[in-house]
Amino acid sequence: MYYARTSYNKRCCMALMQKCIGRTFIVFDTETTGINKEKDYIVELAAMKYIVKNSQVPELIDKIDLYMRPPFLMDQKVIDIHGITNEFLMDKPNEKDCIQKIEDFFGDRPIILGYNSDFDYAMLSSLFQRNNRQLQVSAILDVMEMGYDVCFGNEFK
């Protein structure tokens, strides 16, 4: 059993590990124009959707990798971080053109997992809000926190 160092991450782990048959969970990551959820945009959303079957082994059921053109040019310092250029994004759709596909992919209250997932979730929620939608999830599990726990002695037991 994994013992998380925060009660929130523990609740999320338990939601994933207990009674998972038929549950959908999504592992996702974003690349963005910056770190401010109020003014910055997602330029890449990559995610893989799994369902837990009767064997309790997750089965990949869908994946998505979308590039989206923000309404402004990115600074070079941001491009240097993720390598996605303004020129590359010029012919990509904007978020309004992608929102329905994203909403369909995330579906109804999945468990979401990611590395530093609080940030990615905040950026994704802002995308939904800007497009008059609401993202609802069952739980958010930050695997970065789990990694820290393992590294500093709070291991899976």
Next item on the list: Could you tell me which numbered condition residue 34 fails, if it satisfies all but one of (1) open to solvent by less than 40 Å² (accessible area, probe 1.4 Å); (2) touching a strand residue (DSSP E or B) at 6+ places or on another chain (Cβ under 8 Å)?
Entry: (2)
Item checked: the stretch 98-135, residues that are surrounded by fewer than 20 Cβ atoms within 10 Å (Cβ to Cβ), among the small types (Gly, Ala, Ser) and touching a strand residue (DSSP E or B) at 6+ places or on another chain (Cβ under 7 Å) -> 107
Check: Of everything in the stretch 14-35 that's assigned to a loop (DSSP other than H, G, I, E, B) and over 22 Å from residue 90 (Cα atoms), which residue is modelled with the lowest pLDDT?
Finding: 18
Checklist line | Evaluation of residue 47 against (1) open to solvent by 90 Å² or more (accessible area, probe 1.4 Å); (2) in contact with an Asp or Glu (Cβ under 9 Å, 6 or more places away or on another chain) (one fails), failing number | finding: (1)
Check: Exactly one of (1) modelled with pLDDT under 95; (2) under 23 Å from residue 34 (Cβ atoms); (3) in a strand (DSSP E or B); (4) open to solvent by 50 Å² or more (accessible area, probe 1.4 Å) is unmet by residue 59. Its number?
Finding: (2)
Item checked: Subset of the stretch 62-85 that is part of a helix (DSSP H, G or I) and open to solvent by less than 70 Å² (accessible area, probe 1.4 Å) - its residue that is nearest to residue 102 (Cα to Cα) -> 82
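The values are calculated or read from the model by the stated rules, or taken from the named source; none is laboratory data. A quick note: this is a predicted structure, and the numbers were derived from the prediction, not measured. No Cβ is skipped: glycine too gets one built from the backbone with ideal geometry, and neighbour counts run over all protein chains shown. For accessibility, only protein heavy atoms count, side chains too; no ligands or nucleic acids. Shrake-Rupley method; radii C 1.70, N 1.55, O 1.52, S 1.80 Å.
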